[in-house]
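Colleague: Structure incoming, see below.
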Amino acid sequence: MWGWIQRLVIVIMCTLWGSAWAVPSQQLTQVGDLIYVNLPGEDSLTGEYAIDERGRIILPEAGSVEVAQLDEIALKEKVKETLKRVYRDLDSLEVYVLEKRLLLKVYGYVENPGLVVLPADASVQMALAKAGGLRAGAQLNKLQLRRDNQTQTFNYKAYLDSGDSSTLPALEPLDTLFVPASPMTGNIEVEFDPAKMALSGDASETRSAIKVFGEVNSPGSFSYKPGNSLVDLIMQAGGVTRYAGVEQIRVIIDNEPKTFNLKRYLDTGDSSHLPQIAEGTTIFVPKQEEEIKSGANTVYVMGEVFKPGAYEGKEGATFIDILANAGGPTRFAESRQIRIIKGDGSIVPFDMTAYTEGQLARIPSVQSGDAIFVPEKTDMNEKSWLKVAPDRAVNVIGEVVRPGRYEWSNEMSLLDLLAHAGGPTSRADTSNIDVLIPQGGSTNTIKFNLDNYIKSGGKGAPLPAIYAGTIIRIHDLPQDPSDNKSQWVRQSSEKSIYIFGQVGAPGRYRFNDDMHFLDILSAADGPTDQADIHNIRVSHRNGGHARVSKLNLALYFETGDEHILPKVQTGDTIYVPEKDRLWLSQSKETTVRVLGAVNKPGRYRFDDTMTILDLLAEAGGPTDKAYLEKVTIVNLSCCKDKATTFDLLEFSQTANFDSLPLVRVGDTVYVPSKEDSNLYKAREGLTDIFQLVSIAALIGLF
């Protein structure tokens, strides 16, 4: 027996000794970790909490707790110390690390830049995948890892080529991973197409690249490779075009220009004619020059004519003769803006349309050496507006079908210009058109309401006069705030109205004088099911002083009286409160207190249509221990406070409504407990006496 006890003691000691040495080392908490807090009976506290960027977790009622860089023992003590201010019994509190995680920032050329949360052992590739992956055009060989104001550059392309994870840096919490864009994408955001980029060359380093341009099929920058000849580079550029001047190819090597005759090299095959290519070489293939026509009687015709060129002008040839010899203007020609460039440099304008209509009696004279230029119509080419001088152009921007720069004539009006631009779009705010008219060194801005002009049949304010250089802007109507919050910033506050609280879409809405309260309430999707429509508040801000009006919308729905609705103007604020508001926001002059043995004691809103029965019903009714014969009502008045009692039990038997006490706002209703009644106290006293007598009798029996 004694030996068995000894063996048992030895086993227990060995077990305790082994357990003492088997305690694992605790890892410290870090930003991003998921902490689990469990306190039985406190459902609002129990749950998962992530450590934020500042190393904190936010506990309900207790507030923030600094928990970063702690082991689990210190973590539990830190949380427990914080919760002592709110909770008493913390013996069953459990706090531990539920999941080790990393909180990183991934920026740059990725699909979804921003904060990402990863497992503790995550790699760079996992972080990029969490951010939606790399975008086409990302520079893979120069990714940056930023930590504590230090930047480490690493080659992610080398990892993708080799699969060697040792080339990637290890990640830590709050690291910033930045993916730069490739220099080949340029400085303008466009859709990246590697196939098209290849057509412009394969070089990324501009200093060492070979640049080939001019009359080649695919000009671009190409990587320098030792041994490549000039012919190899021209072939990489797609070869020369049919217009190339191959005898005069220009080559700049080490800042020294040279001329290369490709035709002679192809005729002889002598490679000694090939220049030695170095890094940064520039190759230009010029266009083959044709024979230039010139002479003492030459007249030049350019622009939108069927046969532009140089023509021999005979003695007595007129402007019409020369223009007809060139085939005449095309259908794209702007015949009202023909210009004759004289040999001495002067310019003579000619309106051929006016001449054909009989408005001009003579045509300009043309001498040898003059040039006739027939411009292109401005609406035939998107780039042709550059050909219209500022003193003949008007700018139309904003919500029109075809915004742009239009040629202007004084016989046109604002309506002509809008019609020429395709008219306003469906989203145009035609009641607020801006017309900016230049006057000397300043600009005069005119507001024009096209809606009122059309409604009045043009009898109201006249159309603003338009001059060359004028800018016309058509504003757009604001979008639905629930769809796009960024659009409302372009809407002026002078034309807006604000609506907050329990409505379907609170926000800032466009408003005008033709609208009323129900219009703006409907625009906000109406009150929600939690809205207290009996106590809507409207703050009027456009008067001489601040004024707030109260609206009982339920009363309007019951009576249909339009005078109940307030008159709102731009700049006003509408607030729709919720039904069960915090009682602290309700003044004592508008509520009644219900205390004592009721199921839901508290403060309740009260009006003259309610009785004490309504109050008790709203408070959940009396409890089982309520003493219904002595319900007390404390009335508050201006002169004297008094208390009255009410027998609710007797009322339930007689239903005499005349016996109901008067209750007003500010009063207090108290329902006592049966334990407070004299009958209950007497009954309890008799019970104690009977118990003493019984004990004395039992003692006497013994």
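The values are calculated or read from the model by the stated rules, or taken from the named source; none is laboratory data. Fair warning: this is a prediction, and the values are worked out from it, not measured in the lab. Cβ placement follows ideal geometry from the backbone for every residue including glycine, while neighbour counts extend to all protein chains displayed. We work out accessible area using only protein heavy atoms, side chains counted, and drop any ligands, DNA or RNA first. Shrake-Rupley method; radii C 1.70, N 1.55, O 1.52, S 1.80 Å.
Colleague: Looking at GLY238, GLY327, GLY280, which one is in contact with a Phe, Trp or Tyr (Cβ under 7 Å, 6 or more places away or on another chain), modelled with pLDDT of 85 or more and part of a loop (DSSP other than H, G, I, E, B)?
Modeller: Selected residue: GLY327, the only one of GLY238, GLY327, GLY280 that is in contact with a Phe, Trp or Tyr (Cβ under 7 Å, 6 or more places away or on another chain), modelled with pLDDT of 85 or more and part of a loop (DSSP other than H, G, I, E, B).
Colleague: Return yes when LEU98 is surrounded by fewer than 18 Cβ atoms within 10 Å (Cβ to Cβ) and assigned to a loop (DSSP other than H, G, I, E, B) and no when it is not.
Modeller: no
Colleague: Residue check: is ASP416 more than 21 Å from ARG336 (Cα to Cα), among the acidic types (Asp, Glu) and out of contact with any helix residue (DSSP H, G or I) (no Cβ under 6 Å at 6 or more places or on another chain)?
Modeller: So ASP416 does not fit the description; no.
Colleague: Determine if the stretch 31-49 includes at least one residue that is of a type in the set (Ser, Thr, Tyr), surrounded by 14 or more Cβ atoms within 10 Å (Cβ to Cβ), over 29 Å from the mean Cα position of the chain (by Cα) and in a strand (DSSP E or B).
Modeller: Yes, the conditions are met somewhere in the stretch 31-49.
Colleague: If you don't mind, there's one more thing I want to ask. Among the residues of the stretch 101-131, which ones are part of a strand (DSSP E or B), of a type outside the set (A, V, I, L, M) and closer than 25 Å to GLU48 by Cα?
Modeller: Within the stretch 101-131, ARG101, LYS105, GLY114, PRO119 meet the criteria.
Colleague: Something else now. Which residues, counting only those in the stretch 330-357, are crowded, with 19+ Cβ neighbours inside 10 Å and in contact with a Phe, Trp or Tyr (Cβ under 7 Å, 6 or more places away or on another chain)?
Modeller: Within the stretch 330-357, ILE338, ILE340 meet the criteria.
Colleague: Also: Of all residues in the stretch 532-552, which are assigned to a strand (DSSP E or B), among the basic types (Lys, Arg) and more than 12 Å from LEU565 (Cα to Cα)?
Modeller: Selection gives ARG547 alone.
Colleague: Does ALA317 satisfy being of a type in the set (Gly, Ala, Ser), assigned to a strand (DSSP E or B) and surrounded by 13 or more Cβ atoms within 10 Å (Cβ to Cβ)?
Modeller: No.
Colleague: Further question: So in the stretch 573-602, with the set limited to residues that are surrounded by fewer than 12 Cβ atoms within 10 Å (Cβ to Cβ) and of a type in the set (A, V, I, L, M), which one is modelled with the lowest pLDDT?
Modeller: Among residues in the stretch 573-602 that are surrounded by fewer than 12 Cβ atoms within 10 Å (Cβ to Cβ) and of a type in the set (A, V, I, L, M), the one modelled with the lowest pLDDT is LEU584.
Colleague: Take ALA389 and decide whether it is modelled with pLDDT of 80 or more and surrounded by fewer than 18 Cβ atoms within 10 Å (Cβ to Cβ).
Modeller: In short, no.
Colleague: Cβ-Cβ below 7 Å, separation at least six or inter-chain, first residue in the stretch 306-325 and touching a residue at least 24 places away in the same chain (Cβ under 8 Å), second in a helix (DSSP H, G or I): which pairs?
Modeller: GLY313/ILE322
Colleague: Same structure again: For the stretch 434-451, state whether one or more residues are touching a residue at least 12 places away in the same chain (Cβ under 8 Å) and either at positive phi or touching an Asp or Glu at 6+ places or on another chain (Cβ under 6 Å) (or both).
Modeller: No, there is no match, as no residue in the stretch 434-451 is touching a residue at least 12 places away in the same chain (Cβ under 8 Å) and either at positive phi or touching an Asp or Glu at 6+ places or on another chain (Cβ under 6 Å) (or both).
Colleague: Can you pull out the residues in the stretch 61-95 that are in contact with a Phe, Trp or Tyr (Cβ under 8 Å, 6 or more places away or on another chain), in a strand (DSSP E or B) and surrounded by 14 or more Cβ atoms within 10 Å (Cβ to Cβ)?
Modeller: Within the stretch 61-95, just VAL95 meets the criteria.
Colleague: Which of the numbered conditions does ARG605 fail, given that it passes all the others? Conditions: (1) of a type in the set (Lys, Arg); (2) touching a residue at least 24 places away in the same chain (Cβ under 8 Å); (3) surrounded by 15 or more Cβ atoms within 10 Å (Cβ to Cβ).
Modeller: Only one criterion is unmet by ARG605, namely (2).
Colleague: Select from the stretch 358-385 the residues that are at pLDDT below 80 and in contact with a strand residue (DSSP E or B) (Cβ under 9 Å, 6 or more places away or on another chain) and write down the one among them that is most open to solvent (accessible area, probe 1.4 Å).
Modeller: Among residues in the stretch 358-385 that are at pLDDT below 80 and in contact with a strand residue (DSSP E or B) (Cβ under 9 Å, 6 or more places away or on another chain), the one most open to solvent (accessible area, probe 1.4 Å) is GLU382.
Colleague: Another question, then. Where the second residue is surrounded by 15 or more Cβ atoms within 10 Å (Cβ to Cβ) and among the small types (Gly, Ala, Ser) and the first is in contact (Cβ under 8 Å) with a residue 40 or more places away in the chain and lies in the stretch 139-167, which pairs have Cβ atoms under 7 Å and are six or more apart or on separate chains?
Modeller: Taking only residues 6 or more apart or on different chains, the pairs are GLN139/ALA181; GLN139/SER182; SER165/SER123.
Colleague: Any chance you could count how many residues in the stretch 50-60 are open to solvent by 30 Å² or more (accessible area, probe 1.4 Å) and part of a strand (DSSP E or B)?
Modeller: Of the residues in that region, 3 qualify.
Colleague: Scan the stretch 425-434 and give yes if some residue there is acidic (Asp, Glu) and open to solvent by 40 Å² or more (accessible area, probe 1.4 Å), otherwise no.
Modeller: no
Colleague: Hey, another quick one. On the basis of being open to solvent by 60 Å² or more (accessible area, probe 1.4 Å), modelled with pLDDT of 85 or more and closer than 21 Å to VAL31 by Cβ, does ASN141 make the cut?
Modeller: So ASN141 fails the test.
Colleague: Of all residues in the stretch 53-63, how many are within 19 Å of LEU28 (Cβ to Cβ) and without any contact (Cβ under 8 Å) to a residue 24 or more places away in the chain?
Modeller: Of the residues in the stretch 53-63, 3 are within 19 Å of LEU28 (Cβ to Cβ) and without any contact (Cβ under 8 Å) to a residue 24 or more places away in the chain.
Colleague: Show me the strands (runs of 3 or more DSSP E) entirely contained within the stretch 386-455 in which 2 or more residues are over 25 Å from GLU376 (Cα atoms) and of a type in the set (A, V, I, L, M).
Modeller: Here the list reads 428-439.
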